[in-house]
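All remarks here apply to the structure that follows.
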Amino acid sequence: MADISAKDVKALRDATGAGMMDAKKALTEAGGDMDAAKDILKTKGLAKAATRADRENAEGAIAVLSDGSTAALVQLRCETDFSAKAEDFVALVDRIADAVLAEGEDAAAGFADDIDELKLSKKENIELGRVVRVVAADGALLDTYLHLQDGRGVNGVIVEGTGVDADTLHQVALHVAFAKPQFLSSDEVPAEEVERERASALEITKAEGKPEQAWDKIVDGRLKGWLKERVLLEQGLHGDKITVAETIGSGTIARFVLAYVGD
């Protein structure tokens, strides 16, 4: 049996953050081999971390990067804002975004070990959320926005537009961040959702005792308001009466990407 010194236990604890008894047991099991003991602790820690996979992880951090023609957005989820604001957590989401910008969305998978290390050190359910890379089409512009809070990104946006000037496109990006639309146009809203909302609006209208000849008009108005809450092009830019579609005129918004803490 290897002679496990207090100095060895302390060194392993400092290197892994493990408790004293866990460090001693791992060193004993590894016969005093420090690297093997680290592997043992990691294996046991990840097994324990798997039991946290069902825990809510609505906190986290977001990174958005752009080189002008390409943009990347990465969301890393965790359980507490304490972990999300930590320097190592923010640094990791930034590194992943940098790799995704340079190499593509698949590059995020190469950070699995780094995420595992965070799971062990934070003792939380940590996982990737949205990972998106947008390459602008010929003649299109990209705009990005990242809202920072306590040193971390909490709301990130990428917008691609054609025939829209840079200032207007940026205003659209800001609007997306705070209005949080779900769809670009009404055509993207699933038909079954629209029909379900229409049926609900009709029942409400009937229950209110509205005259039958006015039902269709009232339901159409309510459905329009419902869509306006969800569809970017139908929303008033920054809450004004002029819609996003009217603001961009003959220009087009090809797509937008949105991720925010708590979504």
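The values are calculated or read from the model by the stated rules, or taken from the named source; none is laboratory data. Everything numeric here is computed off the predicted structure, so don't read it as measured data. Positions of Cβ are generated from backbone atoms using ideal geometry, with glycine treated the same way; all protein chains shown enter the neighbour counts. Ligands, DNA and RNA are excluded from the accessible area calculation, which covers all protein heavy atoms including side chains. Shrake-Rupley method; radii C 1.70, N 1.55, O 1.52, S 1.80 Å.
At a glance:
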item: Qualifying positions in the range 163-193 - touching a Gly at 6+ places or on another chain (Cβ under 7 Å) and open to solvent by 60 Å² or more (accessible area, probe 1.4 Å); result: G163
item: Filtered residues of the range 117-138 (kept if at pLDDT below 95, in a loop (DSSP other than H, G, I, E, B) and open to solvent by 40 Å² or more (accessible area, probe 1.4 Å)); result: K123
item: Selection within the range 201-230 - over 28 Å from the mean Cα position of the chain (by Cα) and not in a helix (DSSP H, G or I); result: E208, G209, K210, P211
item: Total residues in the range 231-248, condition part of a loop (DSSP other than H, G, I, E, B) and open to solvent by 50 Å² or more (accessible area, probe 1.4 Å); result: 3
item: In the range 249-263, the residues that are part of a strand (DSSP E or B) and either free of Cβ contacts under 8 Å to residues at least 60 places away in the same chain or of a type in the set (S, T, Y) (or both); result: T252, Y260
item: Qualifying positions in the range 61-116 - in a loop (DSSP other than H, G, I, E, B), loosely packed, with under 14 Cβ neighbours inside 10 Å and at pLDDT 95 or above; result: D67, S69
